[in-house]
Structure formats: structure tokens, C-alpha cells
Amino acid sequence: MAEPPLSIFNRPIVGDTLKFLSSPALWSRELSKRGDVVKAYIRGIDGLKMSTVYHLSGVEGLKAFYDEKNVARGSIDTPPDPYLFDNYLFVVPKLNLEAHKIRKGILLQVVHSPENIDRFIETIVSLSQGFIETLSAKIKDGKLAKIPLNTAIRQFTARFTAKYLWSYDDADGIFIRKQYEAINDISSVPLKLPFFAYNDGIKIAKWLREFSYSRLAEHRLEPDKYNDTMKLLMNAVPRLTDEELILELNHLLFAINGLSSTATGAIIKLLQHKNTEIYGKVTAEIENNRELLESFNNNQSINGKKIDEKFPYLLNVIRESLRLYPVAPMQLANSVREFQVEGYKIPKDVIVIGAIYGNGFDPKLYPDSEEFRPERFEHEITNTTSGYEYSSFGAGDISTSHRCAGQPAALSYCVYIIARLLAKFEISLVDSNQSFSWTTAFPRPVNECPVEIKFKS
Ligand code: HEM
């Protein structure tokens, strides 16, 4: 069986290592443009040694990566910190195939069933009025107000998360601050490995664990008082141990965090296309559905499906923006058997990378991949394609692979928040070239995306 081609960055000692450390996502993107399977040598990805890494993208590459018989997910083999790697801030715990299927069955019921998507949307709607009012209060005497858009959306998302997971009303903002600190710690480590997280991260993971346990004790004291994710997990069948339950909640907390940069990213893209048909189509959708947005506001007939049906173009804007700014640019795993991709051999016991971000730049799937073109999702990448072409939520069969359990809820969330913000405010970017930073594990809007807002006339 043939050996895969070597990475274009391959140089003695440092080539791929430096490129990977300076920006894993951009490294991966360049490799995906050149083929579905690429082999690279990276020092430090797996402890301090030099590791051979197989980079998989494209339909065939991702099919192999998302086949749980080929790879073991959860963490690569030498976790430097058991709190963060195996447990707390990863949405994918290390489980064998059968155990994962059982776990996924529970998760799908909790976040993917229609009634729980509606509960998700109801929570957003119930908090969103406060969010709009907070922003409105910043506009004094009709003058422009300058705000960091990403911070504002992150604060809202943190508040939403606390309510959705634990019925916790984060009035004092402590939860928001902790979540911030944890995410900042993980994603501001330029000279550490991008996937490393320690120092404050460990302390916060411990804080989070204690916080979750105290919420669990309260739920046990008054079981009828709550209708939230913790309660659903407490009643899940098969029964979760307390430790498993707390871990799943913390995984969900981490997973949900992607909502903020997704919503911000889509707004940035829209504002950068203000004078084009793209913006026009979105504003037309919002105008046509003003009444519906208001009725949600009055807590009537809240339904995720209804939101998506009314905003099909905005949905494609979000999908396209997520292709360019995916919250999880790549996934790491260990191969557990030898397998083939396009005739190339992937050996057992090596690190394999599922190129979520890179895949979106595969020239076979995304011609003119640098272009922002929501229409791709009307014609080229549709429901009839294989399910591996679009990977911003992972890929494969949702009940067996690690594909995102929250995709429908996440998309409805972003549609709703973006539609509400654009219905109420005229928003402009302070820097029309607003960019994302790629030096960290997650793409982040530079300077938290400063914008100017005023009321829509
Ligand atoms: C726009 C926001 C989101 C994006 C882009 C996103 C994307 C992803 C990605 C890429 C994965 C990993 C797939 C893999 O391991 O290969 C994932 C996993 C997961 N996500 Fe999301 N996600 C988002 C929001 C959410 C929300 C809101 C929830 C819950 C309500 C959620 C629940 C999960 C869960 C439970 C997993 C683990 C699935 C498993 O291990 O089988 N996600 N998500």
C-alpha cells in the first residue's frame, strides 16, 4: 500500500512543527488544498517527541476519520493534564464504541429532540429581551454607541448557558467571568501548544466542577422546581453516575460556547457585504418576518423549526460563515487499526487529524473557497450530498460518530439572535476589514469586534 505524500511544509526538524504551532488551523487549511491525505512530522503534539501525523480531509478523508472503528477519540495519548484533557473542557470523552453509542443516545435525547430544541429556543427568547434592552441602554440621545460585539454576544451566551444547563440566573455575572477566563486561558497560549491549557484553566475547571455539584445538590433537594438540562440528565436512562452527569454538563458548557463566535462571525460577514445582494436578502427575510419575531417575543408559538423555515437564506449565511470561521477547526484522534484512504495506508497507533476547517477549502468541494458565497448551500452542498462535504459540525452518522448533537439548536440560536439584532439596530463595523485571529486553537474576532450601533430608523 502506498505511503501518503508528505506535507508541503516538511523540512528537517522544524517545518510542520513551526507552522502547526503558529496556527494549527492555517496549517491544516493549506494541507487540505493539496489532497485528502497528507503525512507530517510534528514535535510536541503528543508529549515532547516527534510524532508522525496523518491529516485527513475531503469526503474520503473525513469518512475514514469519522468511522469510529478506525480511530479512538477523546484525547491524544499523553494528556498533560487529566482535568482538562480527559474530563473537563473537551466535548468528546475517551470512550469505546459501545459506550459512546449509549452516551450519544442520551445526548441526542437531551439536546436534539424537537421538544428540547424548543426548550433551548424558549430559553433564548426569554433572555433576549434583556439583551436587547442592555444594548439599547448604551445608545444615548440617538447617538452612535460603540460596543465590542463579540463580548456582548459572549455575555449573552454565557447567561443563556447558565440558565439552560442549570437554571442558574447569573445576575452577578460570576459564571460569565469564569467562562471567559477559562476560554481565554485555553486560547491565549501562543508559545504553548495550542491544545494545552493549564494555570488558570485548571483552577477554573475545578471551580466549575464544584459549582455543578452544588447545583446537583439543589436539584436533588427540590426536584420539581427545575426544568433544565441537569434535570434531563438526572432522569436519563441508562442512569448516569453523578460524576458522568457533571462531566456531560461541563462538556455541553464547552460545546455551547461556540455559539458566540458563530453569531459574531456571521454578522461580520453580513456587514462586510452590506452593499451586496447578500445583505439585501437577509434584511428582506427579517422584514418579512418582523411579526413572527415579535410574536416569539411575546412567548407565543416558539419553535426552532419555524425559525429555520422562515430564514432559509440567513441559515446559509451562518453555514457559510462557519465554513470560514469554524469553532473547532480540527479534531485529533489515535488510529486503532490500520486503514486505507484513497489507496494510502494509515498505520495503527498514529495521530490522525480530522480537518474540519481545512475541508472547507478543498478545491473539489468548494471552488473559489476564499469567497463568501452562501448560495453554495442552495446548489453545491445540499441535503442530498453525502454528509462529509460540510464539516463545521463534525461529520458522519450522528448516532454513532461524534458529529455535533446540538447542530439544529445552534443554528436556530444564531438565526434568532442575528435576526433580532439586525431588526432592532443599524450596526456598522468600526474596521471594515475586521478579521479573525488564527494564532490560537479557536478563531477569535480581533479586538472582540468593535462595532457602532444605533436604532434602526
Ligand atoms: C455553532 C455552534 C456549534 C458548533 C459550530 C459546534 C460544532 C461541534 C463540533 C465540530 C463538534 C465535534 C465533532 C467531532 O468531535 O468531530 C461538536 C460536538 C458536540 N456538540 Fe456542538 N457545536 C455547536 C454548538 C453546540 C450546542 C449548542 C450544543 C448543545 C446544545 C452542542 C453539543 C455538542 C455535543 C454534545 C457534542 C459531542 C458529540 C459527540 O461526542 O458525539 N454543540 N460540536
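The values are calculated or read from the model by the stated rules, or taken from the named source; none is laboratory data. This one's a predicted model, so the numbers in the text were calculated from it and none came from an experiment. Glycine gets a Cβ as well: all are built from the backbone with ideal geometry, and neighbour counts include every protein chain shown.
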Among (1) modelled with pLDDT of 95 or more; (2) within 16 Å of the ligand (Cβ to nearest atom), which single condition is Tyr344 missing?
-> (2)
Return the only residue of Ser386, Ser399 being among the polar types (S, T, N, Q), surrounded by fewer than 17 Cβ atoms within 10 Å (Cβ to Cβ) and at pLDDT 90 or above.
-> Ser399
Restricting region 129-159 to residues that are among the small types (Gly, Ala, Ser) and within 20 Å of the chain's Cα centre (by Cα), the one surrounded by the fewest Cβ atoms within 10 Å (Cβ to Cβ) turns out to be Ala152
Any chance region 381-395 includes a residue that's in a loop (DSSP other than H, G, I, E, B), within 16 Å of the ligand (Cβ to nearest atom) and at positive phi?
-> yes
Region 49-69 - residue that is away from the ligand (no atom under 13 Å from the Cβ) and either of a type in the set (Val, Ile, Thr) or more than 19 Å from Leu31 (Cβ to Cβ) (or both) and, of those, modelled with the lowest pLDDT | Lys49
So Arg403, is it of a type in the set (Lys, Arg) and in contact with a Gly (Cβ under 9 Å, 6 or more places away or on another chain) = yes
The lone exception for Ile8 - which of (1) within 25 Å of the chain's Cα centre (by Cα); (2) within 25 Å of Arg323 (Cβ to Cβ); (3) in a loop (DSSP other than H, G, I, E, B) it fails | (1)
Looking at this structure, is Glu320 of a type in the set (D, E, K, R), crowded, with 22+ Cβ neighbours inside 10 Å, modelled with pLDDT of 90 or more and in contact with a Pro (Cβ under 7 Å, 6 or more places away or on another chain)?
-> yes
Quick check, is Asn275 of a type in the set (S, T, N, Q), at pLDDT 90 or above and loosely packed, with under 11 Cβ neighbours inside 10 Å?
-> yes
Away from the ligand (no atom under 16 Å from the Cβ), over 25 Å from the mean Cα position of the chain (by Cα), more than 28 Å from Ile176 (Cα to Cα) and touching a residue at least 40 places away in the same chain (Cβ under 8 Å), is that true of Arg239?
-> no
With criteria (1) surrounded by fewer than 17 Cβ atoms within 10 Å (Cβ to Cβ); (2) in contact (Cβ under 8 Å) with a residue 24 or more places away in the chain; (3) assigned to a loop (DSSP other than H, G, I, E, B), Asp349 comes up short on (2)
Conditions (1) more than 16 Å from the ligand (Cβ to nearest atom); (2) surrounded by fewer than 22 Cβ atoms within 10 Å (Cβ to Cβ); number of the one not met by Pro408 = (1)
When both residues are 6+ apart or on different chains and their Cβ atoms are under 7 Å apart, which pairs have a first residue that lies in region 1-19 and is touching a residue at least 40 places away in the same chain (Cβ under 8 Å) and farther than 9 Å from Ala40 by Cα, and a second that is in a strand (DSSP E or B) and of a type in the set (S, T, N, Q)?
-> Met1/Gln340
Quick check: is even one residue across region 414-432 surrounded by fewer than 22 Cβ atoms within 10 Å (Cβ to Cβ), free of Cβ contacts under 8 Å to residues at least 12 places away in the same chain, more than 16 Å from the ligand (Cβ to nearest atom) and part of a strand (DSSP E or B)?
-> no
Among the candidates Asn316, Asn334, which residue alone is away from the ligand (no atom under 11 Å from the Cβ) and part of a helix (DSSP H, G or I)?
-> Asn316
Long-range neighbours under 6 Å by Cβ, at least six apart or interchain, first residue at negative phi within region 128-151, second surrounded by 13 or more Cβ atoms within 10 Å (Cβ to Cβ) and among the polar types (S, T, N, Q) | Leu149/Thr264; Asn150/Thr264
Is it the case that some residue within region 436-452 is at pLDDT 95 or above, part of a loop (DSSP other than H, G, I, E, B) and more than 16 Å from the ligand (Cβ to nearest atom)?
-> yes
Out of Pro374, Pro367, sole residue that is loosely packed, with under 15 Cβ neighbours inside 10 Å and either at negative phi or outside any loop (DSSP other than H, G, I, E, B) (or both) = Pro367
Which condition breaks for Ser301 when tested against (1) touching a helix residue (DSSP H, G or I) at 6+ places or on another chain (Cβ under 6 Å); (2) modelled with pLDDT under 85; (3) assigned to a loop (DSSP other than H, G, I, E, B)?
-> (1)
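Here's the yes/no breakdown for (1) over 23 Å from Leu259 (Cβ atoms); (2) within 11 Å of the ligand (Cβ to nearest atom):
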site	(1), (2)
Ala99	yes, no
Arg103	no, yes
Val111	no, yes
Pro114	no, no
Asp118	no, no
Ser126	no, no
Leu135	no, no
Gly142	yes, no
Lys146	yes, no
